[in-house]
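In what follows, a structure is listed as structure tokens, so that the remarks can point back to it.
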Amino acid sequence: MKVIGLLEELSDVYGIADFSKNEEELIDMYGEDICKYPYAIAIGHKMLEDIIEKIPLTYNNDKLAQEYLDEYFNSHNRVSVIADKIIGCIECEGYNAIKLDVSGTNSNLNLKMPFSNKASAHLAGIGWLGKNNLLTTKEYGPRLTWATVLTDMPLSNYAGSPMDSLCDDCVICVNACPGKAIVDLPDAKQSYSPVKCGEFLSNRKKEGHPVACGMCLYICPYGNEKTRKIIENR
């Protein structure tokens, strides 16, 4: 199938979710329009490694903090372009497709709330929601940005299933979070506090710094070989 070949060529990771398997839950959260298209293609794109590796320095260096913040948005733009190319391929095959990028919205859908691209990636079996509430993969950890393509192209043969968390008893991101926004609980909805995270970023902004953090993204052993070795040698 051409679209699968293009996904393998353009994306760092990708997966396909069959929304019919979780239809009731999805409709309850986002409304009926989220299942207007039966399949979701989750596309993951790596942020630039050299910028991610400088995250620990950003707390005392506003230039590096702004560089990371710029890369965060630039990477979303790059994955959005990839999604557009996938949509073009699908439409050339005679099927319909629309994009949900970082905004989680599309004018063709009437949703209760913006869609979380982490949800499509999780349902597709690409990774799991870590204690930091970031979609985490074995290959790259949480160092990815995401876009979702919804389509009626029949892709059931390629659909994955949600995977269990591999965080286990790891608390590296819990201990590293400067805003104390992560606790050691297995459920990401309970382990991560968006309020505390937001308060930390808001205080940084009030102090005149760029609104950037990313420590939990940087420190995760899945994606960071240095902290991975700590886990393996315990």
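The values are calculated or read from the model by the stated rules, or taken from the named source; none is laboratory data. Model, not experiment: these values are computed from the prediction. When we count neighbours, we look across all protein chains shown, and the Cβ atoms used for this are built from the backbone with ideal geometry, even at glycine.
Might you check whether a residue that is aliphatic (A, V, I, L, M), outside any loop (DSSP other than H, G, I, E, B), at pLDDT 95 or above and out of contact with any helix residue (DSSP H, G or I) (no Cβ under 8 Å at 6 or more places or on another chain) occurs anywhere in segment 119-132? Checking segment 119-132: at least one residue is aliphatic (A, V, I, L, M), outside any loop (DSSP other than H, G, I, E, B), at pLDDT 95 or above and out of contact with any helix residue (DSSP H, G or I) (no Cβ under 8 Å at 6 or more places or on another chain).
Go through segment 141-194 and give me each residue that's over 13 Å from ILE41 (Cβ atoms), at pLDDT 95 or above and acidic (Asp, Glu). ASP184, the sole residue that qualifies.
Scanning segment 133-156 for residues that are more than 26 Å from TYR95 (Cβ to Cβ) and not in a strand (DSSP E or B) returns ASN133, LEU134, LYS138, GLU139, TYR140, PRO142, ARG143. Of the set (1) touching a residue at least 24 places away in the same chain (Cβ under 8 Å); (2) of a type in the set (Ser, Thr, Tyr); (3) over 17 Å from GLY15 (Cβ atoms), all apply to SER103 but (1).
Annotation: of all residues in segment 204-229 being in a helix (DSSP H, G or I) and surrounded by 13 or more Cβ atoms within 10 Å (Cβ to Cβ), the one that is modelled with the lowest pLDDT is ARG228.
Scanning segment 28-80 for residues that are basic (Lys, Arg), within 19 Å of LEU144 (Cβ to Cβ) and in contact with a strand residue (DSSP E or B) (Cβ under 9 Å, 6 or more places away or on another chain) yields LYS46, ARG78.
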